Structures are given as C-alpha cells and as structure tokens.
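J.: Sharing a structure below in structure tokens format, with a few things to ask.
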C-alpha cells in the first residue's frame, strides 16, 4: 500500500515546498523555450544546479529534476519558477528519469538510493518510496497510466509497476541491457526496448504477457518517442564515428517489426519528440565542436523543413503544452 513519508525516514528522504539544500560539484543547466513549429526562441533561463531531466505536467507546467535532490516546477509560457521541493539527498546518480501520472497529479522519479519516489505535486510531498528491481534507471508510463515501466539495467530486466499500489506486477528478463524504451500507439501496451548491444538487438514486449520479449533489429537508441496522431514511433541513433546520425521512423511492431524510413541528421541525435499536431518530428542533435542543433522534420513530406543552432550540450527535451522545452549544460 502507499504510505506518506515523514521527515528523516530510514532512507533519509524528505520533502518540503521551497526548501533548498546545497549540493556542490553539480554543473549548472539552462532552459531554452521555443515555438515547436517556427523554432523561434521564446525565452532562456540559466543556473539550474545539477539539472538532470524534464517532465511535462498538467496544463502548461513542467518539472525539472536536479542532482541536488530537488524538483523545480516551471510555467511553460513564461519560464517562471512556481515552486521547488526537496525530495531527497544530493546524488550524481539519482533523479535521472521521471514520468507524470495525471489522475493523481504525481511524478514518479528515480531516487538517490536505488528506489523510486512518488511525488504528489498538489501537496508538494513525497508520498511513497519503493523498490522496482535493484537499479531503476528509466521510467515510462503506460498509455492509460495504470502502470509505469521501469528498466533495471543491472539485472537486464524491465518491470511493470501498478500505479494504484506501487508494486511490481510482472518483470521481463532480457539477454541484453535495456537503455531507453517507449510504449506503442495502438491496442494493448507493447514496449519497444532499446539495448546497448552494438549489433542492434532491441526487443518488442507485449505488456499483457510475461513471455520472453521478441528480438528485433534496431541500432542502440539515445531516445524513443511516439506520435499517436500517425501511429508512428521514432528512435534516435547516435552516429558512433560516422559523419551523421539517424532517426528510425517505425510504423509497425506487430505482426512484423518495420522501419518505414530513416532520417539522416548531422551530429549526434540525442532526443526526439513530436509536436501535438502530429505532423512535426523534433530532433535535437549535439555537435562535437560544442552546441547543438534542433531540426524540424515534417512526417508527411518526409523532409527537414527548418533548423536552429542552440548553445550548450543537450540534456533533455519535452513538449509542455504548446511549447518545446530543452534542458542543456
């Protein structure tokens, strides 16, 4: 059952609105706010200590996690910070992945001590701390938010956690280490799971079954996203020594795994997301010489229509409301 954490629990986890702690050694991150169609820069903000990951919330708010053990809440229209809450001790290894559950207005986030925290954004409090394997690393929600799926790279597993109880309902053992994943667009939940295997081993796992996942051929991905509008999935692939990177446009997981086409992108594609109109794929690619470039790819015209150079190294990218939010170092 879920429980309300109190200050100074056994795991030394605490939560309070606008309550800051110091955590030295973490680089400062910045936010860039853009129009997702024109790629016009609408605003910038510097100085988020240890900024690690982004997560879109309800309406126009979004969340930034930090290695200082904090979550910051921002308005996607103005970049004004609404509040901040301390959810745990500073950690260079924690707070790297988040998933938002709208029914409870809560955020699931990997913690500093090998656990997952559920944070109630109404009460600004950690309401649960639980385990899902030995080393939770990446979290993605199911389409109806009944589950969050969690990678466990130390054990080569993926776990399905029921959000009403925060208990692991099933787990899948893989032959290779999972990295990032995404849930499909149609029918029952099916996970597309990338691995770090250089031979391009990935997995397709129907969430209704505990049976072994099916291996498919997909190069290691830095990020995976989906477009519910066109029933497509997208996997960004770093270039690994080649002049350009690629993004796979995936149009089928069942009955056969199918890549419809591949988009060639200069630099190292790090993150992908889709505009809410369903027609624009946004690709954020880093450069070895410093900085990064944002590309807008039109899915029906199969062409890159626009791009903009941005400062900093990309850390994360999301859509929040009708704005594109990028976190950089």
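The values are calculated or read from the model by the stated rules, or taken from the named source; none is laboratory data. The model shown is predicted, which means the values in this text are computed figures rather than measured ones. Every residue, glycine as well, gets a Cβ built from its backbone with ideal geometry; the counts of neighbours run over all protein chains shown.
J.: Being under 22 Å from residue 316 (Cβ atoms) and surrounded by fewer than 18 Cβ atoms within 10 Å (Cβ to Cβ) is the filter here, so list the residues in the stretch 121-171 that pass it.
T.: Of everything in the stretch 121-171, those that are under 22 Å from residue 316 (Cβ atoms) and surrounded by fewer than 18 Cβ atoms within 10 Å (Cβ to Cβ) turn out to be 135, 143, 145.
J.: Further question: Can you name every residue in the stretch 92-110 that is buried (at least 20 other Cβ atoms within 10 Å of the Cβ) and at pLDDT below 95?
T.: Within the stretch 92-110, just 94 meets the criteria.
J.: Taking the stretch 224-246, which residues are in a strand (DSSP E or B) and either free of Cβ contacts under 8 Å to residues at least 60 places away in the same chain or surrounded by fewer than 19 Cβ atoms within 10 Å (Cβ to Cβ) (or both)?
T.: 224, 225, 226, 233, 234, 235, 236, 237, 244, 245, 246
J.: For residues that are free of Cβ contacts under 8 Å to residues at least 60 places away in the same chain and surrounded by 18 or more Cβ atoms within 10 Å (Cβ to Cβ), scanning just the stretch 186-196, find the one that is nearest to residue 162 (Cα to Cα).
T.: Restricting to residues being free of Cβ contacts under 8 Å to residues at least 60 places away in the same chain and surrounded by 18 or more Cβ atoms within 10 Å (Cβ to Cβ), the top hit is 189.
J.: Restricted to the stretch 197-217, and to residues that are crowded, with 19+ Cβ neighbours inside 10 Å and part of a loop (DSSP other than H, G, I, E, B), which residue is nearest to the chain's Cα centre (by Cα)?
T.: Only one residue fits best here, namely 207.
J.: Let me ask another. For the stretch 280-297, give me the residue count where each residue is modelled with pLDDT under 95 and closer than 18 Å to residue 40 by Cα.
T.: Residues that pass the stated criteria total 2.
J.: For the structure I just gave you, tell me whether residue 155 is closer than 22 Å to residue 274 by Cα, at pLDDT 95 or above and out of contact with any helix residue (DSSP H, G or I) (no Cβ under 7 Å at 6 or more places or on another chain).
T.: No; evaluated as a whole, the condition is false for this residue.
J.: Still on this structure: Of all residues being within 23 Å of residue 93 (Cα to Cα) and part of a strand (DSSP E or B) in the stretch 174-192, which is farthest from the chain's Cα centre (by Cα)? Just the residue, please.
T.: My answer is 178.
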